[in-house]
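**Q** Can you keep this structure in mind? I'll have questions shortly.
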Amino acid sequence: MTTDQEQEDGDHVLWSRVRAGDRDAFAVVFDRHAGAVYGHVLRRIGDGGEAEDLTSAVFLTAWRRRAEVTFDRDSALPWLLGTANRTLANRRRALKRYRALAARVPLPRDVPDHADEVARRIDRERTAEALRRSVARLPRHERDVVELCVWGGLDQQAAATALGVALGTVKARMHRARKRLGGLLAEEGVHAGTYRGIEEAR
């Protein structure tokens, strides 16, 4: 059971107890950051159920590797989002192996899902998907910065910590990503101004 003091403590103080195996302190960190990790993953894959599973995997990794967690200005979130990116990369590799196997072993056709058809008519969902596709076409190092700063809500210093690179590197990658995304979104028929977060990420 957590106390008011635990809720007020910074991540670094709590994590000194987590390293010693304190599950209550870990629960406070989970409650504090699970929503941000889930949102970050959901925006990248667009599947709520799978995003929940991957969020659990991120925090399981944090518990297992609790002696290795690093902080940016007393926050564990950059490390958690960096771990989320690596977890997603592992998922993509596993999915690629699955698709290769499925190509060799024909699977039965899925019954059409009418709910999916309805969802495709919702402009916001369609536009969000266009953004996901456009971001996916960015070079990996630029994509990571956009996902952390725009979708993950980190500032550029925290993103630099999450990625293990210099702040200037993040700034340069974000600048190039903004220019590239303008063209990619235009190809999708979406005005880049729809996503103010891309321009406002600092």
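The values are calculated or read from the model by the stated rules, or taken from the named source; none is laboratory data. Remember, it's a predicted structure, so these values are computed and weren't measured experimentally. Ligands, DNA and RNA are excluded from the accessible area calculation, which covers all protein heavy atoms including side chains. Shrake-Rupley method; radii C 1.70, N 1.55, O 1.52, S 1.80 Å.
**Q** What order do Arg137, Arg132, Arg65, Arg23 take when sorted by accessible area (1.4 Å probe), most exposed first?
**A** Values: Arg137 125, Arg132 45, Arg65 90, Arg23 165 Å².
Putting Arg137, Arg132, Arg65, Arg23 in descending order of accessible area: Arg23, Arg137, Arg65, Arg132.
**Q** Now for a separate question. If you bin the C-alpha pair distances of segment 40-95 every 10 Å from 0, what whole percents do you get?
**A** For segment 40-95, the binned pair fractions read 23, 54, 21, 1 percent.
**Q** Quote the accessible area belonging to Asp9 in square angstrom, nearest 10, computed with a 1.4 Å probe and with ligands, DNA and RNA left uncounted.
**A** Roll a 1.4 Å probe over it and Asp9 shows about 30 Å².
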